[in-house]
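The values are calculated or read from the model by the stated rules, or taken from the named source; none is laboratory data. Given the structure is predicted, the values throughout are model-derived calculations rather than measurements. As a convention, Cβ positions derive from the backbone with ideal geometry for all residues, glycine included, and neighbour counts pool all protein chains shown. To get the accessible areas, we keep the full protein, side chains included, count just its heavy atoms, and leave off ligands, DNA and RNA. Shrake-Rupley method; radii C 1.70, N 1.55, O 1.52, S 1.80 Å.
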Amino acid sequence: MAGRIVKISGPLVIAEGIENVKMYDVVRVSHLHLIGEVIEIRGDEAAIQVYEETSGLAPGEIVETTGEPLSVELAPGIMGGIYDGIQRPLDVLRTKVGDFISRGITVDKIDREKKWNFEPVLKAGDEVVLGDIIGTVQETDIITHKIMVPKGYEGTIKKIFSGEKTVTGTIAVIETKDGEKELKMLQKWPVRIPRPIAEKLSPVIPLITGQRIIDTFFPVAKGGTACIPGPFGSGKTVVQHQLAKWADAEVVVYIGCGERGNEMTDVLNEFPELKDPKTGHSLMKRTVLVANTSDMPVAAREASIYTGITIAEYYRDMGYSVALMADSTSRWAEALREMSGRLEEMPGEEGYPAYLGSRAADFYERSGNVKCLGSDGRKGALTAVGAVSPQGGDLAEPVTQATLRIVKVFWGLDYSLSYRRHFPAINWLNSYSLYTDRLEDWFSKNVTPDWTRVCTDAMKLLQEEAELQEIVRLVGVDSLGVEDQFKLECTRSIREDYLQQNAFSEVDSYTSPEKMYKMLRNILLYYSEGIKALQSGALFNDIIELDVLVDIAKSKNISQDNLAELDKISDKIRDQISKTLMSEKTA
């Protein structure tokens, strides 16, 4: 029996008399069949969060429940697509209704007509359990889509097929305890329920991003969580674009949550043109985009967050390393605040709902380095990186603080750095990573045993520079000793020649850990050798005017194929400083 609308308040609709309705059921509102989700039930009344524009609705119009929770469809065909917050493919919508999305439009989330070449990996007679891979489909040039056994299909394979199949075609018949069941590639999963795993593992492998300040000082582990708070114009979106392009993940899910449409357009324009450094194919062939721009209905921001992370969990369960970018969770929190206000709930700090922290925790805790379900013991990882846009750059506001209580990596963007055109504008004095200690072994074994020492020495110099700058502001640089003045020169080199990175340079956009180590090692070598020379009587001006400083500054433009040049710079540093010292002694 259909219910009736009794109240409309923006994206919130109150309806009564909906028979058998449950929390988080998807409902169809009015004759327009607008998509909504039940978020509260009080007696005979249900509060519905509508994911489409509600203008023109009137009390008395019908509301019908679908009897199902908000779910995503999971099957070959997801990869490389761009969806709105409720997983409607935007290219299909455009074909159907033009450049502007009409209300109440329903399209298939996954193409039912396209045929995929299904290749079984098991045979008739094999026993299967929840999570087992029964066969594969080559979804893109990069991604092999693994079809997993869903809940309720555990048992013995009676028949299994191969060849061209649609996602709704039968690929296997399985004898279960409830009788024979036909398995299809198309599966559904409720977005608010985390997908099950066998075991959560400790994250001990870094997600290499190619961004020097991140990988050197504030690394994030595969399966970890990170946030990028910062004011408008400080470079949050560019940092997330860089992570999506270059991070050492096999699959990228990028959620544009309430951001400007031109930012998603940049992703759409850039990613198909960019080549994956590992495979040489387009980055779009391993990327899924969920676009919910600022001009789309506010309530759909929450759906986009859950849709994105459920798709990410699905590919993680196949055994892939997945990186999820959410830009920005502040817009999601603003949607929560608006819905909470319209529900007349008791507000928390700055009007945000009291459950803001628990909702954010529910989202970030779905990340992790995991052992997947299935008998093959495969492992997958889901790394969640969320941008936060605090008003006026105030990091004490509720969304930032709620996020920092959950995540383990904080990349704090500083407007003063971006104003000086220092990008990425991550403040090395405020940021932190709680993964540093557990990732030391990986860097020592896979890059160099000297990694931790070099990173620690560089950070120590930057911290000492901050203290010296306070003195310089009060009494001037001439009041410092020669060694302290030299320290300032070397930290300037760390900041400008190492930490600054050009996202639009073909060579400088990505730096491998090996190149990072050699670049930073050279700067620290110049510092240590220079200090020794000054203590032995060399002149300050002679040390800071060496030709090798130009080579250090140009190191970032040395290609990955020519890292031997960085070793030559090391020899040049020692040679030039020793010659300077000899000439002083001779004089």
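Of everything listed in (1) assigned to a loop (DSSP other than H, G, I, E, B); (2) at pLDDT 90 or above; (3) not polar (S, T, N, Q), the single unmet condition for GLY104 is (2).
Being within 29 Å of GLU365 (Cα to Cα) and assigned to a loop (DSSP other than H, G, I, E, B) is the filter here; which residues of segment 234-277 pass it? Within segment 234-277, SER234, GLY235, ALA247, ASP248, ALA249, GLU250, ARG260, PHE271, ASP276 meet the criteria. Would you confirm whether or not segment 67-83 contains a residue that is more than 30 Å from LYS285 (Cα to Cα) and of a type outside the set (Lys, Arg)? Checked segment 67-83: at least one residue is more than 30 Å from LYS285 (Cα to Cα) and of a type outside the set (Lys, Arg). Per the conditions (1) open to solvent by less than 40 Å² (accessible area, probe 1.4 Å); (2) among the small types (Gly, Ala, Ser); (3) under 27 Å from PHE504 (Cα atoms), the sole criterion not satisfied by ALA564 is (1). I need every pair where a residue in segment 480-505 that is over 30 Å from ASP266 (Cβ atoms) has its Cβ under 8 Å from the Cβ of a residue that is assigned to a loop (DSSP other than H, G, I, E, B), sequence separation at least 6 or different chains. As it stands, the answer is LEU488/LEU480, since those pairs meet every condition given. Among the residues of segment 128-146, those identified as among the β-branched types (Val, Ile, Thr), open to solvent by 30 Å² or more (accessible area, probe 1.4 Å) and in a loop (DSSP other than H, G, I, E, B) are VAL129, ILE142.
Every residue, every condition in (1) modelled with pLDDT of 95 or more; (2) touching a Ser or Thr at 6+ places or on another chain (Cβ under 7 Å), yes or no:
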{"position": "GLU338", "(1), (2)": "no, no"}
{"position": "MET346", "(1), (2)": "no, no"}
{"position": "GLY351", "(1), (2)": "no, no"}
{"position": "GLU365", "(1), (2)": "yes, no"}
{"position": "GLY368", "(1), (2)": "yes, no"}
{"position": "LEU373", "(1), (2)": "yes, no"}
{"position": "ASP376", "(1), (2)": "no, no"}
{"position": "VAL388", "(1), (2)": "no, yes"}
{"position": "GLY392", "(1), (2)": "no, no"}
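For LEU434, the criteria (1) open to solvent by 50 Å² or more (accessible area, probe 1.4 Å); (2) within 23 Å of TYR526 (Cα to Cα); (3) out of contact with any Leu (no Cβ under 6 Å at 6 or more places or on another chain); (4) not aromatic (Phe, Trp, Tyr) hold in every case but one, which is (2).
Within segment 257-271, does at least one residue satisfy the condition of being open to solvent by less than 20 Å² (accessible area, probe 1.4 Å), more than 15 Å from the chain's Cα centre (by Cα) and on the phi > 0 side of the Ramachandran plot? Yes. When ALA466 is tested against (1) small (Gly, Ala, Ser); (2) surrounded by 13 or more Cβ atoms within 10 Å (Cβ to Cβ); (3) touching a residue at least 24 places away in the same chain (Cβ under 8 Å); (4) assigned to a helix (DSSP H, G or I), exactly one condition is not met: (2). Looking across segment 278-308, just one residue is part of a helix (DSSP H, G or I) and in contact with a Pro (Cβ under 6 Å, 6 or more places away or on another chain), and that is MET284.
Please find, within segment 72-87, the residue that is farthest from VAL191 (Cα to Cα) out of those that are open to solvent by less than 20 Å² (accessible area, probe 1.4 Å) and either part of a strand (DSSP E or B) or without any contact (Cβ under 8 Å) to a residue 60 or more places away in the chain (or both). By that ranking, first place goes to TYR83. Among the residues of segment 176-217, those identified as open to solvent by less than 20 Å² (accessible area, probe 1.4 Å) and β-branched (Val, Ile, Thr) are THR176, VAL191, ILE208, THR209, ILE213, ILE214, THR216.
Screening LEU243 against (1) under 14 Å from ALA387 (Cα atoms); (2) open to solvent by 10 Å² or more (accessible area, probe 1.4 Å) leaves a single unmet condition, (2).
Beta carbons closer than 8 Å, at least 6 apart along the sequence or on distinct chains, pair a first residue in segment 347-373 that is free of Cβ contacts under 8 Å to residues at least 12 places away in the same chain with a second that is assigned to a strand (DSSP E or B) and surrounded by 14 or more Cβ atoms within 10 Å (Cβ to Cβ) for PRO347/PRO353.
Among residues of segment 354-372 being part of a loop (DSSP other than H, G, I, E, B) and under 20 Å from GLY224 (Cα atoms), the one that is most open to solvent (accessible area, probe 1.4 Å) is GLU365. So, SER321, is that one more than 22 Å from GLY393 (Cα to Cα), surrounded by fewer than 24 Cβ atoms within 10 Å (Cβ to Cβ) and modelled with pLDDT of 95 or more or not? Taking the combined requirement at face value, the residue satisfies it.
Results for (1) surrounded by fewer than 20 Cβ atoms within 10 Å (Cβ to Cβ); (2) under 24 Å from GLN463 (Cα atoms); (3) in contact with a Pro (Cβ under 8 Å, 6 or more places away or on another chain), shown as yes or no for each residue.
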residue	(1), (2), (3)
LEU480	yes, yes, no
SER505	yes, no, no
LEU520	no, yes, no
ALA538	no, no, no
LEU549	yes, yes, no
ALA553	yes, yes, no
LYS568	yes, no, no
ILE577	no, no, no
